[in-house]
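Undergrad: Pasting a structure below so you can have a look.
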Amino acid sequence: MTNPDAAVDNSEILSRLLANGPPTHVAVIMDGNGRWARERGLPRRRGHRAGMSAVREVIKGAAEAEVRHLTLYAFSNENWDRPADEVGALMALLEEYAQSDRDELARAGIRVTVFGDRERLSATARRAIAELEASTSGGGALDVHLAISYGARGEITEACRSLARDCAAGVLSPDDIEPGHLDARLMTGDWPDPDLLIRTSGEYRISNFLLWQLAYAEIYVTEVLWPDFTRRELFHAILDYQGRDRRFGLVST
Ligand code: FPP
């Protein structure tokens, strides 16, 4: 059977989604690199390398779709427990990406920030990330946020510690604590909450990603494995999102 959508080119889909008003913030759980490699009889690291190409593709797609913030889950706190050779390959890939893409990202006006526990990263990885952030800091067309060595429970726990310290110091009363106090202590700073969460590879899980910030995000799960995820897939996810009735706990109008 032919796919009726195959005849519609990307620019047509793009103009449709631009007319509808794109989401401000898209967050992505990039999953399925390992399965992509296994299906081809390749080592897992080859799946991660193919995943890096998908990262490049999706950043370009997000800029075209006029998304303002794109947050990518690149390495979780739990990922540290993977076999040492896979952790090493992923860290080497992140360093490679930071070095090889920073000038092109800067030229495209894309600002990259990294959030997560940097203390666990090697000195060379920390340096590569700092240089990537510094080189792209002048950008403003699209903010790309890379979650590296990140876990939401740890992030929320740290924010609670900070609130408790302020209460113990008498700077804040427990009865005056509002959601905004916690919000302000998260690693996501003043970015708007994600409007759309995409997860690839058909898994219906949040996996300790932005647990607080995703409160009202629309969730889109696709069977496509991350290395096969193209800008066309991104555009489809956005079109699907634009068809949702976002109520934020209220009733439809
Ligand atoms: C999950 O797939 C993916 C990861 C743990 C790593 C994500 C990394 C990249 C996409 C590449 C590098 C990123 C940047 C920003 C340059 P999995 O290994 O859990 O796949 P599986 O569930 O099929 O085993």
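Undergrad: Whether any residue in region 63-71 is within 22 Å of GLY138 (Cβ to Cβ), in contact with a Pro (Cβ under 9 Å, 6 or more places away or on another chain) and of a type in the set (Ser, Thr, Tyr) is what I want to check.
TA: Among the residues of region 63-71, at least one is within 22 Å of GLY138 (Cβ to Cβ), in contact with a Pro (Cβ under 9 Å, 6 or more places away or on another chain) and of a type in the set (Ser, Thr, Tyr), which makes the answer yes.
Undergrad: If you scan region 111-140, which residues turn out to be small (Gly, Ala, Ser), farther than 20 Å from LYS60 by Cα and part of a loop (DSSP other than H, G, I, E, B)?
TA: GLY116, SER122
Undergrad: Same structure, new question: Would you call ARG126 open to solvent by 10 Å² or more (accessible area, probe 1.4 Å), basic (Lys, Arg) and under 17 Å from the mean Cα position of the chain (by Cα)?
TA: Considered against the rule, which asks whether it is open to solvent by 10 Å² or more (accessible area, probe 1.4 Å), basic (Lys, Arg) and under 17 Å from the mean Cα position of the chain (by Cα), ARG126 comes out as no.
Undergrad: Now, a different point. Across region 56-72, what is the number of residues that are open to solvent by less than 20 Å² (accessible area, probe 1.4 Å) and either near the ligand (Cβ under 7 Å from one of its atoms) or part of a helix (DSSP H, G or I) (or both)?
TA: 5
Undergrad: Being open to solvent by 30 Å² or more (accessible area, probe 1.4 Å), within 13 Å of the ligand (Cβ to nearest atom) and not in a helix (DSSP H, G or I) is the filter here; which residues of region 73-109 pass it?
TA: ASN77, ARG82, PRO83
Undergrad: Can you name the residue in region 17-49 that is among the charged types (D, E, K, R) and open to solvent by 60 Å² or more (accessible area, probe 1.4 Å) and, of all such residues, is nearest to the ligand (Cβ to nearest atom)?
TA: ARG35
Undergrad: State all residues of region 161-192 that are in a loop (DSSP other than H, G, I, E, B) and either in contact with a Pro (Cβ under 9 Å, 6 or more places away or on another chain) or within 15 Å of VAL28 (Cβ to Cβ) (or both); if no residue qualifies, say none.
TA: Correct list: THR188, TRP191.
Undergrad: Now, a different point. ALA141 - would you say it is at pLDDT below 95 and of a type in the set (A, V, I, L, M, F, W, C)?
TA: Details: at pLDDT below 95: yes; of a type in the set (A, V, I, L, M, F, W, C): yes.
So ALA141 fits the description; yes.
The values are calculated or read from the model by the stated rules, or taken from the named source; none is laboratory data. Because the structure is predicted, anything quoted here is derived from the model rather than measured. Heads up, the Cβs are rebuilt from the backbone with ideal geometry, glycines too, and the neighbour counts pull from every protein chain shown. Protein only, heavy atoms only, side chains kept; ligands, DNA and RNA dropped before computing areas. Shrake-Rupley method; radii C 1.70, N 1.55, O 1.52, S 1.80 Å.
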